[in-house]
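Report on the structure given below.
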Amino acid sequence: MSLEPRSTTSSHPAPPATVPDLVPGPEPAEPRTGTAFYTPIWLVAVFGAALYWATLYVDRHGGGFNPMVFTPGELLADVEARVPRSEADVLLAKGRQVYNTYCSACHQPNGRGTPGQFPPLAGSDWVLTEGPNRIIRIVLDGMQGPITVNGVEFNNAMLPWREQLTDEDIAAVLTFIRGNKDWGNNAGPVSPAQVKVIRDATAARGTFTPWTAAELLTIPVKD
């Protein structure tokens, strides 16, 4: 009897190990170290400030619609009148407003009047006198009956404005009319003091006693 240890190995050979199928495909990305980029806070602030400034610039200079300036139906002169640059501009601006409110319906925005009804103010021999004594009286108390303006006769009535318009209003509108270069007028201005003198001197006429051309022609055009 043999005393050698018995082998525990099977006499049958072991089956070969299985190899996994290799499937073609993209290779996995190589690992990378961290590459995160941090934007400096000062750069964000500078960019924001530049964007804000650019927005303001485009808003102011980009030609956008501004209803405070470009109101539909207004003339450029009306817009400019709202930003007077001197005392003379203030008076002219006020005179333009008074004229548009009280006078333009009859005498027309261009001052040419209404043929056969209301005489022109542009180039009028009554307007362009050396002094405003007569036309101040017309505005204060109105006028009725025939009047010849630049050789043409008109026969209508003008309302009195003594109660509605102040001395400054009348001075302003007459300054605007007499010196309106767009109408070809170049007469001197009218002051509120001149209007007050005539208002006080004619107070006894009352509110509804219109002048006639014959009466006015007896009054000197200036003091």
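Across the range 204-217, what is the number of residues that are within 16 Å of Ile138 (Cβ to Cβ) and not in a loop (DSSP other than H, G, I, E, B)?
Here is the first cut: in the range 204-217, the ones within 16 Å of Ile138 (Cβ to Cβ) are 205-217.
Going one step further and asking which of them are not in a loop (DSSP other than H, G, I, E, B), we end up with 205, 211, 213-216.
Total satisfying the criteria: 6.
Any residue that is farther than 14 Å from Tyr102 by Cα, among the polar types (S, T, N, Q), buried (at least 17 other Cβ atoms within 10 Å of the Cβ) and in contact with a strand residue (DSSP E or B) (Cβ under 7 Å, 6 or more places away or on another chain) - is there at least one of those in the range 122-139?
Scanning the range 122-139, I find at least one residue that is farther than 14 Å from Tyr102 by Cα, among the polar types (S, T, N, Q), buried (at least 17 other Cβ atoms within 10 Å of the Cβ) and in contact with a strand residue (DSSP E or B) (Cβ under 7 Å, 6 or more places away or on another chain), so the answer is yes.
Here are the criteria: (1) without any contact (Cβ under 8 Å) to a residue 60 or more places away in the chain; (2) closer than 20 Å to Pro120 by Cβ. Tell me which single one Phe176 does not satisfy.
Against the list (1) without any contact (Cβ under 8 Å) to a residue 60 or more places away in the chain; (2) closer than 20 Å to Pro120 by Cβ, Phe176 comes up short only on (1).
Quick check, is Val127 touching a residue at least 60 places away in the same chain (Cβ under 8 Å), closer than 19 Å to Arg112 by Cβ and touching a Cys at 6+ places or on another chain (Cβ under 8 Å)?
no
Name the residues in the range 190-201 that are among the polar types (S, T, N, Q) and not in a loop (DSSP other than H, G, I, E, B), would you?
Gln194
Mind checking which helices (runs of 4 or more DSSP H) fall wholly inside the range 78-189 and carry at least 2 residues that are under 24 Å from Ala203 (Cβ atoms)?
Qualifying helices (runs of 4 or more DSSP H): 87-98, 133-141, 167-178.
No lab work stands behind these numbers, since they all come straight from the coordinates. What you see is a predicted model, and the numbers here were worked out from it, not measured in a lab. Glycine also receives a Cβ, built like all others from the backbone with ideal geometry; neighbour counts cover every protein chain displayed.
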